[in-house]
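The values are calculated or read from the model by the stated rules, or taken from the named source; none is laboratory data. Note that the structure is predicted; figures quoted are calculated from it, not measured. Methodologically, a virtual Cβ is constructed for each residue, glycine included, from the backbone with ideal geometry; neighbour enumeration extends over all protein chains shown.
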Amino acid sequence: MGARTYRTVLIGAGNVASFLKANIKSPFELTCVGGRQRRCPIPKDADLYIISVSDRAIKSVSEELIGVEGLVVHTAGSMPMNVLPQERRGVLYPLQTISKKRQIPASRVPFYIEASKEQDIDLLRLLAESMGSKAEQMDSERRKYLHLAAVFCCNFVNRLYGITADLLEAHNIPFSVMLPLIQETADKVKLLLPSEAQTGPAVRWDEEVMAKQMSLLDDEQKLIYQLLSKSIHDDKLRLDKD
């Protein structure tokens, strides 16, 4: 398979599309047509079409490709493969936080792939490997839970970083003081289960400390603090019971 060139069309202009544009290499010959505001027409004679747009735009873009003979894939974690009307269809989902402002090597971006035809699994695996990455086959049902888990461990955690930064900035403390703690928290779960690594006043249900801390928060922060503290303590009680 690797002896030939695969004409590849990338549709999109967001974070994931920009990453793919920077990393797709031979034997894939890339043509980029932009995102929703694109002016370039979409070639209809490619071997592979990668739709890397917002979830709500995938269906309308895929309808522009009805009748093409090449493989059509999207890059969304939460959308099923069958949102695509093509007979040759698939998914190329990168499980990573990707931003235009930060370059990341493709070796740190694992792909989860799916295709309606077995030979197209091989094509998507070749694409990932040509970028220096790895690909694992996963169906739409399991992938939606993979994406949901990623929202919890990345998007929600990053929002908590944002709250942390706000609290510190209000008292002239740089966010950088948290970096050793953030690093150790990440390193620790490489060796321990998250439940084993959990520390803090909610584990002990230290109501005095928790009450003092909540008094320092605004209403939204207090609600988040209460919800997470209860979840931490409930998990501790469940594990103790087991």
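Quick notes on this structure:
- Scanning region 8-46 for residues that are assigned to a loop (DSSP other than H, G, I, E, B) and closer than 23 Å to Arg108 by Cβ returns Gly12, Ala13, Gly14, Ile24, Lys25, Ser26, Pro27.
- Selection of helices (runs of 4 or more DSSP H) fully inside region 104-208 by the criterion of at least 1 residues being touching a Lys or Arg at 6+ places or on another chain (Cβ under 6 Å) and within 24 Å of Lys21 (Cα to Cα) returns 118-130.
- Among the residues examined, Ile66 does not qualify as in contact with a strand residue (DSSP E or B) (Cβ under 8 Å, 6 or more places away or on another chain), more than 17 Å from Pro80 (Cα to Cα), assigned to a loop (DSSP other than H, G, I, E, B) and not polar (S, T, N, Q).
- Pick from region 85-131, criterion basic (Lys, Arg), in contact (Cβ under 8 Å) with a residue 12 or more places away in the chain and within 23 Å of Ala13 (Cβ to Cβ), ranking: surrounded by the fewest Cβ atoms within 10 Å (Cβ to Cβ): Arg108
- Annotation: of all residues in region 32-60 being at pLDDT 95 or above and β-branched (Val, Ile, Thr), the one that is surrounded by the fewest Cβ atoms within 10 Å (Cβ to Cβ) is Ile58.
- Selected residue [small (Gly, Ala, Ser), loosely packed, with under 12 Cβ neighbours inside 10 Å and under 18 Å from the mean Cα position of the chain (by Cα)] from Ala170, Ala186: Ala186
- Filtered by the rule that a residue be surrounded by fewer than 11 Cβ atoms within 10 Å (Cβ to Cβ) and polar (S, T, N, Q), region 212-242 gives a lone residue, Ser215.
- Considering residues of region 13-31 that are touching a residue at least 24 places away in the same chain (Cβ under 8 Å) and touching a Leu at 6+ places or on another chain (Cβ under 8 Å) only, the residue surrounded by the most Cβ atoms within 10 Å (Cβ to Cβ): Leu20
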